[in-house]
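Asks: Below: one structure in structure tokens.
What follows is calculated from the coordinates using simple rules that are stated; it is not laboratory data. Computed from a predicted structure; not experimentally measured. Every residue, glycine as well, gets a Cβ built from its backbone with ideal geometry; the counts of neighbours run over all protein chains shown.
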Amino acid sequence: MLKPNSRFINWGSLMDARSQLHVLEDLCDEQHDAMQEWLDSLREQPMSSFAADAQLAQTRRDQMVARARDVIEHIQRVVHHARRLEQSAETVVQIHFSAQSNRTNSIMRTLTALTAIFLPLNLITGFFGMNFEFLPLIHTRYGFWWIFGFMLVLIIVVGTVFWRKQYLARTAR
């Protein structure tokens, strides 16, 4: 997705992966709630339901509570990991669009600079293309060459200004 000259076309699989992460997150939330309810009911059960001996019953209950807490902790880790993966996917998409926008801005800057170079030339040729009798330099022997030289100097000056401001510079790819 981040290669400058490549086009990412696998948006469907990216969206499928994100939806699967949502499903996993929802499933984990449901499992977390179920385990929490089971843990609460486990704490409310009388000791006699675990074993006849009070000490053995307390040991079994403590072991089940510890295992339930472990399962809940594992579920929380899975949820945390799923959210982190989803955020990473979202970050990659945002970086991709940012890179695309940066490339578009670079192209538009170059096209604008080229337009700014050729617009005055177009204006000059538009004036001299009119069929007026009294335009300066129109009836002189070297009028064409004076205007042509002025247009070349204009191209060089404006092009140099834009080159120094790096509007026409090539960006590293």
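Asks: Is it the case that Ser101 is within 27 Å of the chain's Cα centre (by Cα) and loosely packed, with under 14 Cβ neighbours inside 10 Å?
Replies: In short, yes.
Asks: How many of the residues making up the stretch 89-114 are hydroxyl-bearing (Ser, Thr, Tyr) and under 15 Å from Ala169 (Cα atoms)?
Replies: 4
Asks: Something else now. Select from the stretch 116-157 the residues that are of a type in the set (A, V, I, L, M, F, W, C), touching a residue at least 24 places away in the same chain (Cβ under 8 Å) and over 30 Å from Ala99 (Cβ atoms) and list them in ascending order.
Replies: Leu121, Ile124, Phe150, Met151, Leu154, Ile155
Asks: Can you work out which of the residues in the stretch 53-88 that are among the small types (Gly, Ala, Ser) and surrounded by 15 or more Cβ atoms within 10 Å (Cβ to Cβ) is farthest from Leu27 (Cα to Cα)? Give the steps one after another, and end with the answer.
Replies: At the first step, the residues of the stretch 53-88 found to be among the small types (Gly, Ala, Ser) are 54, 57, 66, 68, 82, 88.
Within this subset, residues satisfying the condition of being surrounded by 15 or more Cβ atoms within 10 Å (Cβ to Cβ) are 57, 68, 82.
Values: Ala57: 32, Ala68: 17, Ala82: 11 Å.
The residue in question is Ala57.
Asks: Please determine whether any residue of the stretch 5-27 is of a type in the set (A, V, I, L, M, F, W, C), under 30 Å from Arg103 (Cα atoms), touching a residue at least 12 places away in the same chain (Cβ under 8 Å) and not in a helix (DSSP H, G or I).
Replies: There is at least one residue in the stretch 5-27 that is of a type in the set (A, V, I, L, M, F, W, C), under 30 Å from Arg103 (Cα atoms), touching a residue at least 12 places away in the same chain (Cβ under 8 Å) and not in a helix (DSSP H, G or I).
Asks: I'd like to check something: does the stretch 122-138 contain any residue that is surrounded by fewer than 11 Cβ atoms within 10 Å (Cβ to Cβ), over 30 Å from Ala17 (Cα atoms) and under 39 Å from the mean Cα position of the chain (by Cα)?
Replies: The answer is no, given that none of the residues of the stretch 122-138 is surrounded by fewer than 11 Cβ atoms within 10 Å (Cβ to Cβ), over 30 Å from Ala17 (Cα atoms) and under 39 Å from the mean Cα position of the chain (by Cα).
Asks: Condition check: closer than 30 Å to Arg83 by Cβ, in contact with a helix residue (DSSP H, G or I) (Cβ under 9 Å, 6 or more places away or on another chain) and of a type in the set (S, T, N, Q). Does Gln36 satisfy that?
Replies: yes
Asks: Inspect the stretch 82-89 for any residue being outside any helix (DSSP H, G or I), within 30 Å of Thr104 (Cβ to Cβ) and in contact (Cβ under 8 Å) with a residue 40 or more places away in the chain and give the result as yes or no.
Replies: No, the stretch 82-89 contains no residue that is outside any helix (DSSP H, G or I), within 30 Å of Thr104 (Cβ to Cβ) and in contact (Cβ under 8 Å) with a residue 40 or more places away in the chain.
Asks: So in the stretch 131-173, with the set limited to residues that are among the basic types (Lys, Arg) and outside any helix (DSSP H, G or I), which one is farthest from Arg109 (Cα to Cα)?
Replies: Arg141
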